[in-house]
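Here's the structure, in structure tokens; my notes come after.
The values are calculated or read from the model by the stated rules, or taken from the named source; none is laboratory data. Everything quoted here is computed from the prediction, not taken from an experiment. Every residue, glycine among them, receives a Cβ derived from its backbone with ideal geometry; neighbour counts consider all protein chains shown. Note: areas computed on protein heavy atoms with side chains; ligands, DNA, RNA excluded. Shrake-Rupley method; radii C 1.70, N 1.55, O 1.52, S 1.80 Å.
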Amino acid sequence: MELGNGFVHAYKTRLLLHLVAATHLGCAVRHDYLYARLPQLAVELRLEAPMGGKLKYLTFLSGLLQFAYYLLALVYDVLRARRLRLLRDFLLASYVVPLGLTVSLTFWTLCAIGQESIYPGLLDLIYPAWLNHALHSFVVLYALLELCISQHRYPPRSRGLAGLALFMASYLAWLHYIWLRTGIWVYPFLGALSATVRLLFLALIVALSFAYYLLGERTNAVLWPRNSCGMRRWSSSE
């Protein structure tokens, strides 16, 4: 009886986390897309590239993926379909954990080094504090809670890292395409770096995202040893 109550409690906890995270991040992504916009003057002064909209920012893309994940997890909680679980676990491994950590730790590290060059105080008028923390802080908190309270089977490492590598390569290609078309970097501080330093910086970001993938895989293996499959396939019985 106590075991049954434990399962019910765990289920309710997961359901609550997924509902809160999906609602919170959904509101954040919606507000970012509709209202957190630089004035047209920023484009005229060549402070923002006049193409790509919000889809040129890694923070927005990450937030969108995070929202999609928790919405999917919420649907899985109700339907319990195996295919949804496979997709859920792949998204967590390849995108939710590594991208959440990449966006958050990169943003706060660069702010600590020189906030005015990354996130000038004037942006507080456009990006309220709650939105900033939703997309740069809570994404990590939700991912860590998700790892702790939900069982996940990580995909084979080659498949999981391939998914992350495809995303990072596509984003870097998109970043450079915008620069080639407009002469403006999505993130202005990149233009202040030499070509060599810029290449090393971007390579470091990609390398760190892979390290965050491995960290998530290891954390999942420690928390859920019977459900980890870092180098083996998903069980066909689940």
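Per-residue answers, yes or no, for (1) more than 21 Å from His31 (Cα to Cα); (2) surrounded by 15 or more Cβ atoms within 10 Å (Cβ to Cβ); (3) of a type in the set (A, V, I, L, M, F, W, C):
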{"site": "Arg83", "(1), (2), (3)": "yes, no, no"}
{"site": "Asp89", "(1), (2), (3)": "yes, yes, no"}
{"site": "Val97", "(1), (2), (3)": "yes, yes, yes"}
{"site": "Gly114", "(1), (2), (3)": "yes, no, no"}
{"site": "Pro120", "(1), (2), (3)": "no, no, no"}
{"site": "Leu125", "(1), (2), (3)": "no, no, yes"}
{"site": "Phe138", "(1), (2), (3)": "no, yes, yes"}
{"site": "Tyr142", "(1), (2), (3)": "no, yes, no"}
Select from segment 186-221 the residues that are at pLDDT below 95 and aromatic (Phe, Trp, Tyr) and write down the one among them that is nearest to Tyr57 (Cα to Cα). Tyr187
Select from segment 187-222 the residues that are open to solvent by less than 40 Å² (accessible area, probe 1.4 Å) and either over 24 Å from Ala143 (Cβ atoms) or without any contact (Cβ under 8 Å) to a residue 60 or more places away in the chain (or both) and list them in ascending order. Leu190, Arg198, Leu202, Val206
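Each row is one residue, and each column tells you yes or no for (1) under 24 Å from Arg153 (Cα atoms); (2) more than 21 Å from the chain's Cα centre (by Cα); (3) in a loop (DSSP other than H, G, I, E, B).
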position: Ala10; (1), (2), (3): yes, yes, no
position: Leu19; (1), (2), (3): yes, no, no
position: Ser62; (1), (2), (3): yes, no, no
position: Phe67; (1), (2), (3): yes, no, no
position: Ala73; (1), (2), (3): yes, no, no
position: Leu86; (1), (2), (3): yes, no, no
position: Leu92; (1), (2), (3): yes, no, no
position: Leu105; (1), (2), (3): no, no, no
Please go through segment 36-74 and pick out each residue that is without any contact (Cβ under 8 Å) to a residue 60 or more places away in the chain, under 22 Å from Leu125 (Cβ atoms) and open to solvent by 50 Å² or more (accessible area, probe 1.4 Å). Pro39, Gln40, Leu41, Glu44, Leu45
Would you mind finding the one in Phe189, Phe201 that is more than 21 Å from the chain's Cα centre (by Cα) and farther than 28 Å from Leu19 by Cα? Phe189
Pairs where the first residue, in segment 121-132, is in contact (Cβ under 8 Å) with a residue 12 or more places away in the chain and the second is open to solvent by 70 Å² or more (accessible area, probe 1.4 Å) and small (Gly, Ala, Ser), C-beta under 9 Å, 6+ apart: none
